[in-house]
Structure formats: structure tokens, C-alpha cells
Amino acid sequence: MHADVVARVKGNAKFHQLVSTRRTFAWSLAAIMLVLYFGFILILAFDKSLLALKIGGSIVSWGIPIGLGVIIAAFVLTGIYVRRANAQFDRLTREIVEETK
């Protein structure tokens, strides 16, 4: 029976849609995060003076808000994924489960 259920799920068109859509979306968000993170690291590695510039007349350099921005971006991208997963991916999963019972 288990193999039968697996075969029905794998044969379901919505399952293929779910896998494809989720994979594309997840890799897109991962690429955005990698660009932000490695961009920050590359700036740190090759132009430290840019991040060491002070903001106005304060003692805070640009590295602090940019670094915090990278961390906040990770939370925002995670929230975007969770929101879409709850709205679209979970709905598709429920439909697949109902169709394969």
C-alpha cells in the first residue's frame, strides 16, 4: 500500500507543480541572501575603509547598519518564504493529500 500511495503522489500534476514552484522560490531567496552576505564579506575583504566611514559626525561607521541590514534581510527573506509556504504550498499539499486518498 505504501508504494501505491507514493506512486499516486509522484504521478500527481499538482505534486510536480508544488516541487517545481517551491524549488524555484527557495533557490531565488537563497541566491538573494548569498549575494547580500557575500557582497558584505567581499566589501569587508577588499575595501574595509568603505565600511569604516563614519555616519555624519557620529562614532558609528557604515559597517554597523549594513551588517545589521544583512541580518535583518535574513529574517525578512525567511518571513517571505513562510508566508508563501503557508498560503500557497500548504494549500497545494492539502489538495495533493485529498486527491491521493
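Nothing in this text is a laboratory measurement; each read-out follows from the coordinates by a stated rule. All of these numbers come straight from a predicted model, not from anything done at the bench.
Figures for the structure shown
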read-out: Integer Hz, Karplus 6.51/-1.76/1.60 couplings in order for the stretch 49-56, x for Gly and Pro; value: 5, 5, 7, 8, 4, 6, 8, x
read-out: Distance between the stretch 17-53 and the stretch 73-101 - C-alpha centres, whole angstrom; value: 23 Å
read-out: Mean Kyte hydropathy of -1.0 or more with a Cα span along the axis of at least 27 Å, helices from DSSP in the chain; value: 13-46, 63-84
read-out: Rg [Å, one decimal], Dmax [Å, integer] - the stretch 2-99, C-alpha atoms; value: 20.8, 69
read-out: Nearby lysines by direct alpha-carbon distance to residue 101 (threshold 28 angstrom, same-chain neighbours under 8 apart not counted); value: 10, 14
